[in-house]
Ligand SMILES: Nc1nc2c(c(=O)[nH]1)N[C@H]1C(S)=C(S)[C@@H](COP(=O)(O)OP(=O)(O)OC[C@H]3O[C@@H](n4cnc5c(=O)[nH]c(N)nc54)[C@H](O)[C@@H]3O)O[C@H]1N2
Ligand SMILES: Nc1nc2c(c(=O)[nH]1)N[C@H]1C(S)=C(S)[C@@H](COP(=O)(O)OP(=O)(O)OC[C@H]3O[C@@H](n4cnc5c(=O)[nH]c(N)nc54)[C@H](O)[C@@H]3O)O[C@H]1N2
Ligand code: SF4
Ligand SMILES: [Mo]
């Protein structure tokens, strides 16, 4: 980490710990007297893994005098390397949040009116089981769908499958990295995955297209990026906004939003026409290179200049810069890829540019990851599915993957086609912020006979539920084992460090109890989760007692590059890297990516862009008292000249109105040179509208509310959301 970001990091961590100590003295908590905790200076130090986002960094929870004191990175954990990101460090705030849900609730009035009665867990489960059984009898079990995000959803997924429903989805796919995975799989026969298999640590040249590392705080990547910068890696950043990453870059390309495909094609044409690619690698592993080369060679930097606004010489120079360091040149695949609607093809173009560098499977490019193999729990087999999932009827999106399309399930809930959806079980996802076009979500949920939300706070989505189930936060519960793919196989455990302050319960307990009410007890044969985890670990030759001590069990180090012994394998139809894709051609799509021009904002309107802030995760951390202290609302970035033209200055409050007339809550202006004039930018997750959650109510504005329009990726059903335009409303 360079000195600037290290100072910032320390500043943030220091503030966090001080606030935590103050909070600790006022809240109730009881120490879990686990036998295996390490004792040091009278402290209990309990290893677990973080849930402030879904990266799952290993942590150590410090409990002092019965109170949760702080969390730090677990030095044994390969993802955190002993250090959490600012959000993770603020994790204790989730436990001490005074606005948490305290007991199960059943809706009293109309859906969405946020009027509740407190009930016992037994009453809540009776209510849910009764509705689910009636639904099964009338429509079949597939009428119940699950939306979830994160590992905490595993036991509820199991419950829904045992119930007989195939409909299970996460907005972290078709609203996030879905198109990227499809683009890479079409090219290399494998996905990038999560955590990304990017060898940032060893890259000598890193190209970031949008991906805003440093604001996007995925811990391991940010640490590796800092190391690479320290080691002098050449950084090329392509972003309409001068991001934190751009401030580390040798080349910053302030691209016109929506034109990245033109830049990618021009880069590839320079590399192909000047024969700068890794010819050996391509002749060994490539397929259809001639057709590909013939197609891309037409896209000159001069042509791309008109689209992107980037100087042709700069395009040539950056192409040669990438070539200079190949194969240790990593064109980062990004993560949140749902931008304009041709996203799987743009991701494929990124994959192809990497293929020209020979970076897939090579040091400093993309390594070959390993997952620690822990056998599944030996459950009885699930009931036979009577119907197919309905997210993608008739294979409308031919390259959709096994991960279902959330908006597909939403649409079926509205239309009742191809069959009715009458129940939504929602675990750990705020669909009000995560799905585009909120009106469609509300329309769908008004059609339901049952809507259950499992959350830790009275979130916006909980406000619409019939039954709200309060969950223990991650520092109070066990979850399933984490065996993420990484440089080395490992397995991590989440275990409780403190007890719940009220009547909150963990997801596994909810799934088991509700399963028993539904007559599905045979699918929950374990006594409790400790028994479940112990059985799984014993099947792999370990035990719960063993893993509780350090929180991590590591597998052997194995080679991770083609050059040191990994046998290359491409699970494509040709068994090679598909420069020309026959599967795409057969399905009527471009076998080699082509440029699509995207509509530009009308006069007086600006493209709405959005992204991440280092101290928050989506819409899930805004009520966390520690993180709210660091950032309690978002701002709208407006180009300084533009702001002047409109008579706005930093700190003014304005509203934004989108192309469909939707008006946002008031948001502070940040007039800055760091953004182009044709777009504006805000951090996602703010402008929440849950009246129960006072600390977040209308703090800042919501990008999601303004995302009424979206384009659907014709290959795989991803929903592109960078296609909305806003104008300024000065009267607040
Ligand atoms: N702190 C924090 N970190 C997070 C998360 C979080 O919530 N908080 N969420 C995690 C998750 S799940 C995800 S998916 C990732 C998302 O993080 P990334 O994958 O890095 O997301 P992007 O969409 O690339 O990020 C937005 C950036 O793209 C730029 N941009 C917008 N439009 C264009 C365009 O047309 N062309 C180009 N070249 N750039 C453009 C924006 O200016 C902004 O800098 O972050 C992860 N990390
Ligand atoms: N407009 C717009 N839409 C987007 C994005 C964007 O940037 N802009 N980003 C997209 C991306 S990249 C992604 S990955 C998705 C993310 O979408 P989501 O995963 O839906 O993210 P959140 O909005 O943070 O919703 C998380 C919910 O989980 C709850 N929660 C927190 N902790 C717990 C817990 O321990 N247990 C339970 N049961 N619940 C908990 C929170 O209170 C919150 O209601 O959104 C996508 N949609
Ligand atoms: S990246 Fe940060 S918030 Fe996410 S799991 Fe790691 S420490 Fe926690
Ligand atoms: Mo995401």
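Taking region 209-232, which residues are under 14 Å from the mean Cα position of the chain (by Cα) and farther than 14 Å from residue 198 by Cα?
Listed by number, the residues that qualify are 212, 215, 216, 217.
With 659, 692 as the choices, which residue is out of contact with any helix residue (DSSP H, G or I) (no Cβ under 6 Å at 6 or more places or on another chain) and at pLDDT below 95?
692
Any residue at all in region 179-186 that is assigned to a loop (DSSP other than H, G, I, E, B), under 24 Å from the mean Cα position of the chain (by Cα), within 16 Å of ligand 4 (Cβ to nearest atom) and under 20 Å from residue 54 (Cβ atoms)?
No, region 179-186 contains no residue that is assigned to a loop (DSSP other than H, G, I, E, B), under 24 Å from the mean Cα position of the chain (by Cα), within 16 Å of ligand 4 (Cβ to nearest atom) and under 20 Å from residue 54 (Cβ atoms).
Matching residues to (1) within 16 Å of ligand 2 (Cβ to nearest atom); (2) closer than 30 Å to residue 364 by Cβ; (3) at pLDDT 95 or above:
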site: 581; (1), (2), (3): no, yes, yes
site: 626; (1), (2), (3): yes, no, yes
site: 632; (1), (2), (3): no, no, yes
site: 640; (1), (2), (3): no, no, yes
site: 647; (1), (2), (3): no, no, yes
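Is it fair to say residue 165 is at pLDDT 95 or above and within 13 Å of ligand 2 (Cβ to nearest atom)?
no
Only one of these is within 16 Å of ligand 2 (Cβ to nearest atom), modelled with pLDDT of 95 or more and surrounded by 15 or more Cβ atoms within 10 Å (Cβ to Cβ): 514, 537. Name it.
514
Please find, among 327, 333, 254, the residue that is within 30 Å of residue 612 (Cβ to Cβ) and free of Cβ contacts under 8 Å to residues at least 60 places away in the same chain.
After ruling out the rest, the residue left standing is 327.
Within region 291-300, identify whether any single residue is within 28 Å of residue 599 (Cβ to Cβ), surrounded by 23 or more Cβ atoms within 10 Å (Cβ to Cβ), touching a helix residue (DSSP H, G or I) at 6+ places or on another chain (Cβ under 8 Å) and at pLDDT 95 or above, and answer yes or no.
Scanning region 291-300 turns up at least one residue that is within 28 Å of residue 599 (Cβ to Cβ), surrounded by 23 or more Cβ atoms within 10 Å (Cβ to Cβ), touching a helix residue (DSSP H, G or I) at 6+ places or on another chain (Cβ under 8 Å) and at pLDDT 95 or above.
Would you check if residue 488 is assigned to a helix (DSSP H, G or I) and surrounded by fewer than 17 Cβ atoms within 10 Å (Cβ to Cβ)?
no
Results for (1) within 21 Å of the chain's Cα centre (by Cα); (2) in a helix (DSSP H, G or I), shown as yes or no for each residue.
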{"residue": "469", "(1), (2)": "no, no"}
{"residue": "479", "(1), (2)": "yes, no"}
{"residue": "484", "(1), (2)": "yes, no"}
{"residue": "495", "(1), (2)": "no, no"}
{"residue": "509", "(1), (2)": "no, yes"}
{"residue": "512", "(1), (2)": "no, yes"}
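Which is assigned by TED's automatic domain parsing to the domain that holds residue 660 and touching a helix residue (DSSP H, G or I) at 6+ places or on another chain (Cβ under 8 Å), of 621, 596?
Result of the check over 621, 596: 621.
Report yes if some residue within region 91-113 is away from ligand 1 (no atom under 16 Å from the Cβ), assigned to a loop (DSSP other than H, G, I, E, B), free of Cβ contacts under 8 Å to residues at least 12 places away in the same chain and farther than 24 Å from residue 432 by Cα; otherwise report no.
No, region 91-113 contains no residue that is away from ligand 1 (no atom under 16 Å from the Cβ), assigned to a loop (DSSP other than H, G, I, E, B), free of Cβ contacts under 8 Å to residues at least 12 places away in the same chain and farther than 24 Å from residue 432 by Cα.
For residues that are at pLDDT 95 or above and surrounded by 14 or more Cβ atoms within 10 Å (Cβ to Cβ), tally how many sit in region 389-402.
Residues flagged as at pLDDT 95 or above and surrounded by 14 or more Cβ atoms within 10 Å (Cβ to Cβ) within region 389-402 amount to 8.
Within region 105-128, can one find any residue that is within 16 Å of ligand 4 (Cβ to nearest atom) and either touching a strand residue (DSSP E or B) at 6+ places or on another chain (Cβ under 9 Å) or not assigned by TED's automatic domain parsing to the domain that holds residue 518 (or both)?
Looking through region 105-128, none of the residues is within 16 Å of ligand 4 (Cβ to nearest atom) and either touching a strand residue (DSSP E or B) at 6+ places or on another chain (Cβ under 9 Å) or not assigned by TED's automatic domain parsing to the domain that holds residue 518 (or both).
Is it fair to say residue 73 is surrounded by fewer than 24 Cβ atoms within 10 Å (Cβ to Cβ) and at pLDDT 95 or above?
Spelling it out, residue 73 is indeed surrounded by fewer than 24 Cβ atoms within 10 Å (Cβ to Cβ) and at pLDDT 95 or above.
When you scan region 621-725 for helices (runs of 4 or more DSSP H) that lie fully inside it, which ones turn up with 2 or more residues that are within 24 Å of the chain's Cα centre (by Cα) and farther than 26 Å from residue 598 by Cα?
Answer list for region 621-725: 625-630.
Every residue in region 163-178 that is surrounded by fewer than 23 Cβ atoms within 10 Å (Cβ to Cβ) and over 13 Å from the mean Cα position of the chain (by Cα), please.
Correct list: 164, 166, 168.
If you check residue 400 against the conditions, is it part of a helix (DSSP H, G or I) and either assigned by TED's automatic domain parsing to the domain that holds residue 460 or in contact with a strand residue (DSSP E or B) (Cβ under 6 Å, 6 or more places away or on another chain) (or both)?
no
Report the residue count in region 215-230 for those that are within 16 Å of ligand 4 (Cβ to nearest atom) and assigned to a helix (DSSP H, G or I).
4
Which one is nearest to residue 510 (Cα to Cα) among residues in region 156-179 that are away from ligand 1 (no atom under 15 Å from the Cβ) and out of contact with any strand residue (DSSP E or B) (no Cβ under 9 Å at 6 or more places or on another chain)?
Across region 156-179, the extreme among qualifying residues is 158.
Tell me, please, whether a residue that is outside the structural domain of residue 463 (by TED's automatic domain parsing) and within 16 Å of ligand 4 (Cβ to nearest atom) can be found in region 721-729.
yes
One line per residue, one yes/no per condition, for (1) modelled with pLDDT under 95; (2) within 15 Å of ligand 3 (Cβ to nearest atom); (3) part of a strand (DSSP E or B); (4) not assigned by TED's automatic domain parsing to the domain that holds residue 214:
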{"residue": "27", "(1), (2), (3), (4)": "yes, no, no, yes"}
{"residue": "33", "(1), (2), (3), (4)": "yes, no, no, yes"}
{"residue": "46", "(1), (2), (3), (4)": "no, no, yes, yes"}
{"residue": "55", "(1), (2), (3), (4)": "no, yes, no, yes"}
{"residue": "68", "(1), (2), (3), (4)": "no, no, yes, yes"}
{"residue": "79", "(1), (2), (3), (4)": "no, yes, no, yes"}
{"residue": "84", "(1), (2), (3), (4)": "no, yes, no, yes"}
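Restricting attention to region 67-77, does a residue exist that is away from ligand 4 (no atom under 16 Å from the Cβ), more than 19 Å from residue 624 (Cβ to Cβ) and touching a helix residue (DSSP H, G or I) at 6+ places or on another chain (Cβ under 7 Å)?
Taking every residue of region 67-77 in turn, at least one turns out to be away from ligand 4 (no atom under 16 Å from the Cβ), more than 19 Å from residue 624 (Cβ to Cβ) and touching a helix residue (DSSP H, G or I) at 6+ places or on another chain (Cβ under 7 Å).
From 229, 244, 270, 207, which residue is crowded, with 24+ Cβ neighbours inside 10 Å and touching a strand residue (DSSP E or B) at 6+ places or on another chain (Cβ under 8 Å)?
Selected residue: 207, the only one of 229, 244, 270, 207 that is crowded, with 24+ Cβ neighbours inside 10 Å and touching a strand residue (DSSP E or B) at 6+ places or on another chain (Cβ under 8 Å).
The values are calculated or read from the model by the stated rules, or taken from the named source; none is laboratory data. What you are looking at is a predicted structure, and each value in this text was computed from that prediction instead of being measured. Cβ sites come from the backbone with ideal geometry, for glycine too, and all protein chains shown count toward neighbours.
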